[in-house]
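To start, the structure itself, in structure tokens.
Just so you know, all these numbers are worked out from the coordinates, no wet-lab data involved. A quick note: this is a predicted structure, and the numbers were derived from the prediction, not measured. Here the Cβ is made from the backbone with ideal geometry for all residues, glycine too, and neighbour counts use every protein chain on show.
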Amino acid sequence: MATYQDIVSKPTPLAPGHRMCAGCGIPAIVNSIIAASDKPVIVANATGCLEVTSTIYPFSAWNVPWVHLTFENAAAVAAGIETAYKALKKRGKIKDDVNIIAFGGDGGTYDIGIQALSGALERGHRFLYVVYDNEGYMNTGNQRSGATPFGADTTTVPAGTKSIGKTQWRKNIVEISAAHRIPYAAQAAAHNVVDIYNKAKKALSADGPSFLAVLQPCTTNWKYDTALTMKYSKLAVETNFWPLYEIENGKVHINYKPKERKPIEEFLKGQGRYRHLFKPENRYAIEEFQSLVDEEWERLLKLEESGAKL
Amino acid sequence: MGEKILMKGAEAIAEAAIKAGAMAFFGYPITPQNETPEYFSRRMPEVGRIFLQAESEVAAINMIYGAACTGTRVFASSSSPGISLMQEGFSYIANSNVPCVVANVMRGGPGLGDIAPAQGDYFQATKGGGHGDYHTIVIAPHTLQEEVDLVLKAFDLAEKYRIMVVLIVDGLLGQMMEPVEFKETVDVTKFKVPEWATVGQGDREDRIIITSLDLAPEGLEKMNLHLQEKYRKIEEQEVMVEEYRMDDAEYAITAFGTMARISKTTIELARSEGIKVGLIRPITVWPFPSKTIENRANQVKFFFDTELNAGQMIEDVKLALNGARPVYFYGKMGGIVPSAEEVLEEFKKHLGGQHE
């Protein structure tokens, strides 16, 4: 098994000098995923934080073949690359095996890109789709997305005297992906590089499409100190808000079960987007948040225990 | 009369739509117009109206279509790549004859391009963009006050003709701040449901049908002829154009939006050097003020068209002139906005030393 030291010692596909925000976890996510590939990697990257900050003209931070594409088509372009690659390989024009990885943010995955994602997963292209999930349209200034959690303040669902912010729970994108009967779908978080690496390894060895959702706390729009990204990523897992789990051939396996689950307040406090929830009149929303988290966690435990295929 | 308020263009357009009685807004995040949906998200609940963030621009324009079918005043905004995604919806809305207003805060293209000001969507806006023989009325303001004034006019035109009206502004007008005055607030309690709206059969003898489909070619031809008749009427009656210092002009600049604004300064600079130049500024770029341009053909020596693109409106200027006068061009692409002095320098290249 690879250690943290092994992973961070590998050459980084994303070169230093990119323009991601101070404290952003995206580079660590991207580097540890690509490090898990023992074959050359081709990256298809949807418009979003990663693309905008890694390719400011005339520079590129990418040390691997990389293509930028429309907001909604990372999975479609990856499917096109995979199809062309297979055809060329069949005709003997390419010898090497490659891994094709698509990266999209949550807006480009949960919302505008879900059609292309669903199509590619259903057709069974052999590629890995990664969503770095910062829970909103962060590149355009914190608009709500299908991944934005309950109670968060965003610029298009602003919290105020009459609103607690977003009132819907987020979509379960991992289960949506797994429902396509793909061999591997998993959830990881920015702070646990070893877990990300191991999941990417499994995903890339799957014979078919694989999906990986990685939580990426956003210092700019979750509004916390830039030194605390990994702390918030860890708290998301320890409160069971963002469980680390995988669905392998339909079977759920939880990778980490906190000995004592921390109350959701520990994850919420200190984040500017949740400050309003701590007002006395909004405390009920924190309780509702907690019960949503507990309900989802219990459901996940049951899925794992039952051993039933999703 | 209201008071003057200092506002950002992308927010002023939203407030103008609210004052004009927009009952629902549908949109999706894209720079440089994020302030528009953000503004609506705060203001619409305050006035008891609808703000809805869609999951894509494709969804947003079709929400507009659905809501417009009920005869409600509806508004959407986006920027170039998002407007491209909406084009199928534009075409359906055109042949379904439902009114709505959409703003395009144009940015540099093609592709993802950049988020700086550009006018590269002129062809898309004025020549169709989507499939089939259709037009939208396209209005191109050049100041924030004009933008605010024209929003109400846009809704009136949309309903008068049951057509989509597109406001094209560029990133500069979207992001800059200027004092604006909201002259009129529409009383939405006076709104009546139009006869064509699909709000249930009620006591009517016939059901109301809104569609862009007719599988019988003769039927579809009829729908097309109806559209063309409507477009001819709009071309006759709804052209808006500004002629600036044209009375004694020996040369004419043609420009719209931001480039028209810059050209006005160019004209002052030129006139201080004794060069008599004026501006013809289409306010509606469709319908295009062809007659105004044609009427000046005998007066001026040449036309000088300037745009933030590779030369798009110039085709309409040339069509209007039909070869009667030379038309020169100066454009910048990629989100670069030239200064008034640069425009003057380019303009003077065509004077043949007469005013050196």
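Ignoring aspartates and glutamates fewer than eight residues from A:LYS162 along the same chain, the ones with Cα atoms less than 13 angstrom from its Cα are A:ASP153, A:GLU281, B:GLU46. Within a straight-line Cα-Cα reach of under 18 Å, B:LYS190 can be paired with the following aspartates and glutamates, leaving aside sequence neighbours fewer than 8 residues apart in one chain: B:ASP156, B:GLU159.
With N counted as the residues of the stretch B:203-356, its alpha-carbon radius of gyration over 2.2 N^0.38 Å works out to 1.36. Of all beta bridges that DSSP places with both ends in chain A, some 30 percent have antiparallel geometry. Bridge orientation summary for the protein assembly as shown: considering DSSP beta bridges with both residues in this region, about 25 percent are antiparallel. When you filter the trypsin sites (Lys or Arg not before Pro) in the stretch B:159-248 for DSSP loop state and at most 15 other Cβ atoms inside 10 Å of their Cβ, you are left with B:LYS183, B:LYS192, B:ARG204, B:ARG207. The GluC sites (Glu not before Pro) of the stretch B:241-288 that meet both conditions, a loop assignment by DSSP and at most 12 other Cβ atoms within 10 Å of the site Cβ, are B:GLU273. Taken about its Cα centre, chain A carries a charge dipole of about 620 debye when Lys and Arg each add +1 at the Cβ and Asp and Glu each add -1 at the Cβ.
Applying the Karplus relation 6.51 cos²θ - 1.76 cosθ + 1.60 with θ = phi - 60° to the stretch B:116-124 yields 3J(HN,Hα) values of 8, x, 7, 10, x, 9, 4, 4, 4 Hz, where x marks Gly and Pro.
Loop sites here are trypsin sites (Lys or Arg not before Pro) outside DSSP states H, G, I, E and B with no more than 10 other Cβ atoms within 10 Å. The longest part of chain A free of them is A:163-258.
For the stretch A:193-203, backbone phi angles converted through the Karplus equation (6.51, -1.76, 1.60; θ = phi - 60°) give residue-by-residue couplings of 5, 5, 5, 4, 4, 4, 5, 5, 4, 4, 4 Hz, Gly and Pro being listed as x. Taking amide H atoms as placed 1.01 Å from N in the peptide plane, the amide H of B:GLY278 lies under 5 Å from those of B:GLU250, B:TYR251, B:ALA252, B:ILE253, each 5 or more residues away in sequence or on another chain. Straight-line cross-link partners of A:LYS90 among the aspartates and glutamates, defined as a Cα under 13 Å from its Cα and at least 8 positions apart when in the same chain: A:GLU82. Residue-wise HN-Hα couplings along the stretch B:196-211, as the Karplus relation 6.51 cos²θ - 1.76 cosθ + 1.60 with θ = phi - 60° gives them from phi, are 7, 5, 8, 10, x, 5, x, 8, 5, 6, 10, 6, 8, 10, 10, 7 Hz; Gly and Pro carry x.
With the charge dipole of the stretch B:210-356 set up from +1 on Lys and Arg Cβ and -1 on Asp and Glu Cβ about the Cα centre, the Cα lying farthest toward the positive end among the listed residues B:PHE288, B:ILE262, B:GLN299 is that of B:GLN299. Filter the cross-link list A:LYS199/A:LYS231; A:LYS10/A:LYS269; B:LYS127/B:LYS349; B:LYS153/B:LYS233; A:LYS39/A:LYS223 down to pairs whose alpha-carbon distance in this structure exceeds 28 Å. The answer is A:LYS10/A:LYS269; B:LYS127/B:LYS349; A:LYS39/A:LYS223. Only DSSP H runs of four or more residues enter the estimate; each adds -39500 (n - 2.57), and after division by the residues of chain B the mean residue ellipticity at 222 nm equals -12000 deg cm²/dmol. The count of lysine pairs in the stretch B:241-348 with alpha-carbon distances below 22 Å, taking only pairs 8 or more places apart or on different chains, stands at 17.
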